[in-house]
Amino acid sequence: MVCYVCAQSGERSEAVAICIICGMALCKEHLVREELPVWEKLHDGLVERRQELPARLPRFLCGDCHRALHQPGA
Ligand SMILES: [Zn+2]
Ligand SMILES: [Zn+2]
C-alpha cells in the first residue's frame with residue numbers, strides 16, 4: 001500500500017501503518033504514534049482508585065485525526 005498523504009502530493013512512499021480512525025495508509029513520515037496509558041481500577045475498601053499500568057497502548061493516527069483529537073476545547 002502507498003501512503004495517502006504522499007500520494008496527494010504526487011509522491012509514492014510505502015505505507016507502514018494505517019490510521020485507526022479514518023483508515024488512511026501512512027508512511028513513517030506521516031504517521032503519528034500515540035501511547036495511551038492503561039488504567040487498572042483498584043478497590044480499596046469503599047474508595048476506588050486508579051493505577052496506571054506499566055505497559056501503554058500504542059496506536060497509529062494520521063495528522064488530521066491527531067489534530068482533531070487534540071484540538072483546543074475537545
Ligand atoms: Zn507519506
Ligand atoms: Zn486518520
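The table below lists the values:
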| quantity | calculated |
| --- | --- |
| Mean Cβ count within 10 Å, highest first, over the residues of peptides 22-32, 38-48, 55-65 | 22-32, 55-65, 38-48 |
| Estimated inter-spin distance, ILE21 and GLU34, nm [label 7 Å along Cα→Cβ] | 0.6 |
| About the Cα centre, charge dipole magnitude for the chain (Lys/Arg +1, Asp/Glu -1 at Cβ), debye | 20 |
| Rg and Dmax of the chain, Cα atoms only, in Å | 17.3, 61 |
| Average Cα contact separation per residue, the chain, under 8 Å, 6 or more apart, as relative contact order % | 27 |
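Rule-based calculations on the coordinates, nothing more; no lab input. Computed from a predicted structure; not experimentally measured. Heads up, the Cβs are rebuilt from the backbone with ideal geometry, glycines too, and the neighbour counts pull from every protein chain shown.
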